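Worksheet: one structure, shown below.
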Amino acid sequence: MTRVNQPPQKPHQSNEGKFFMLDTEKSTELERTQELFDFLQGAVPEGYKIKKSHVPKLTAEQASTAVWYLQNLYWQPPDHIERCDVCGDLFNSHSEGDCLDYGSGPYHFCGSCCDGQEYAKKNKRNQDKSRRS
C-alpha cells in the first residue's frame, strides 16, 4: 500500500515496508472515521494504490462493528464518532445527535434523525424529563 502525492506529514510504515503519510491536519475526526468506514466497504481513499485483491469489502454493518472494535480497543477512531441507527450516517456525538441507551433500539440518532418519529417515540420514554422534547 502506498500513497501518491505525499504531503509533508508524519511518516508511518505500511505492512509492505513502504512509507506513506497521514494527513491528519486537513481533516476532522469524523472525516477520518468516515474514510475508514468507507475504506472497509471497498472505497480506496484518493491517493492510495492498493491491489484490488487486498481491498476489504465489508457490509456497512461489518464496517461499523470493525470501527466500534477499534474504538474500544485502541480508542482510535475516537469513541464519540457514532453511527446513526436510523439513517446509517456517521456523526460526531460531541456536536450533534443523541444517544438514548435504554429499551430496545434504535439507540444512536444523528442530528437530522433527532427530528424524526423514531426519536420522538423513544424520547417519550426517557426517564430524564429535562431531555424530553
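Okay, here's what the table says:
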item	result
Filtered residues of segment 56-79 (kept if in a loop (DSSP other than H, G, I, E, B), surrounded by 15 or more Cβ atoms within 10 Å (Cβ to Cβ) and at pLDDT 90 or above)	LEU58
Qualifying residues in segment 116-127 (those that are surrounded by fewer than 18 Cβ atoms within 10 Å (Cβ to Cβ) and touching a strand residue (DSSP E or B) at 6+ places or on another chain (Cβ under 9 Å)) - the one modelled with the lowest pLDDT	ASN123
Residue check, VAL4 modelled with pLDDT under 90 and not hydroxyl-bearing (Ser, Thr, Tyr)	yes
Output for segment 86-105, where each listed residue is surrounded by fewer than 17 Cβ atoms within 10 Å (Cβ to Cβ) and over 13 Å from GLN34 (Cα atoms)	CYS87, HIS94, SER95, GLU96, CYS99, ASP101, TYR102, GLY103, SER104, GLY105
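The values are calculated or read from the model by the stated rules, or taken from the named source; none is laboratory data. Owing to the predicted nature of the structure, the values given are computational and were not obtained by experimental measurement. So basically every Cβ, Gly included, is an ideal-geometry build from the backbone, and we count neighbours across all protein chains shown.
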